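The values are calculated or read from the model by the stated rules, or taken from the named source; none is laboratory data. Source: prediction; values computed, not measured. Glycine also receives a Cβ, built like all others from the backbone with ideal geometry; neighbour counts cover every protein chain displayed.
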Amino acid sequence: MSDKTRPDPDPSGPEAAGEPAGRPRRLSVVVYSEAADKVHYALAMASAAAAINIPATLFFTMGAARALIDDSGTPGWAAMTAGDGRGGAELDDDYRARGVAAFEELIEACSALGVRLMVCEMGLRAMGLARGDLRGDLDIVEGGLVTFFSDAGDGPITFL
């Protein structure tokens, strides 16, 4: 295609705002796995996106909702199991020893950078959990699938 037949770029697109072509406009992740390593990666993805001004939403449902539990001062992610069989606390210790961001560092980064943390109302009920079981130190929005899809807009949705 010659330059004369190539369409003009959209003046309101990401290039107009100084963003590279193909850059996502938002990150929307359904976090449903009860595997601690997958929840850890979802937090890493969201904090990285938010750090470069890409709005991010994590929608926790089913087993992943346990990561947001506060069990008498012990975070729920610590009691989860990783895909390799290690406990969440053991995985976290290993990551920290290797210089990988720990769960609490990622959760704090997500909170500070404005990542939207949503928990599925249906998922809470299915897991036998209530709002009172969740951490009080985080701004966690309860919602359903309609709320999440409305938040995601026309952007892609990732599942972990």
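Determine, yes or no, whether ASP93 is assigned to a helix (DSSP H, G or I), exposed (fewer than 15 other Cβ atoms within 10 Å of the Cβ), at negative phi and not aromatic (Phe, Trp, Tyr). Answer is yes for this residue. Among the residues of region 86-100, are any in contact with a helix residue (DSSP H, G or I) (Cβ under 6 Å, 6 or more places away or on another chain) and closer than 15 Å to VAL31 by Cα? No, that holds for no residue.
Of the numbered criteria (1) at pLDDT below 95; (2) within 16 Å of LEU43 (Cα to Cα); (3) of a type in the set (A, V, I, L, M, F, W, C), the one MET127 fails is (2).
Within region 34-54, the set of residues being touching a Gly at 6+ places or on another chain (Cβ under 8 Å) and outside any helix (DSSP H, G or I) comprises GLU34, ALA35.
Filtered by the rule that a residue be under 26 Å from GLY143 (Cβ atoms) and in a helix (DSSP H, G or I), region 55-90 gives MET62, GLY63, ALA64, ALA65, ARG66, ALA67, LEU68, GLY76, TRP77, ALA78, ALA79, GLY88. Note on region 124-133: residues that are in contact (Cβ under 8 Å) with a residue 12 or more places away in the chain and not in a helix (DSSP H, G or I) total 2. Just one of the numbered conditions (1) at pLDDT 95 or above; (2) in a helix (DSSP H, G or I); (3) more than 23 Å from GLY153 (Cα to Cα) is not true of VAL100: (2). If you filter region 109-123 down to residues that are assigned to a helix (DSSP H, G or I) and out of contact with any Leu (no Cβ under 9 Å at 6 or more places or on another chain), you find that the one that is farthest from ASP93 (Cα to Cα) is GLU121.
Restricting attention to region 143-160, the residues that are loosely packed, with under 13 Cβ neighbours inside 10 Å, free of Cβ contacts under 8 Å to residues at least 60 places away in the same chain and not hydrophobic (A, V, I, L, M, F, W, C) add up to 2.
Scan region 37-76 for residues that are farther than 15 Å from ALA102 by Cβ, surrounded by 17 or more Cβ atoms within 10 Å (Cβ to Cβ) and of a type in the set (Ser, Thr, Tyr) and the total you get is 2.
Taking the condition part of a helix (DSSP H, G or I), farther than 14 Å from PHE59 by Cβ and modelled with pLDDT under 95, does GLY136 pass? Taking the combined requirement at face value, the residue does not satisfy it.
Here GLY136 does not fit the description of being surrounded by fewer than 18 Cβ atoms within 10 Å (Cβ to Cβ), of a type outside the set (Ser, Thr, Tyr), in contact with a strand residue (DSSP E or B) (Cβ under 9 Å, 6 or more places away or on another chain) and at positive phi. What number of residues within region 101-117 satisfy the criterion of being under 16 Å from ILE69 (Cα atoms), without any contact (Cβ under 8 Å) to a residue 40 or more places away in the chain and either among the aliphatic types (A, V, I, L, M) or buried (at least 18 other Cβ atoms within 10 Å of the Cβ) (or both)? The total comes to 0.
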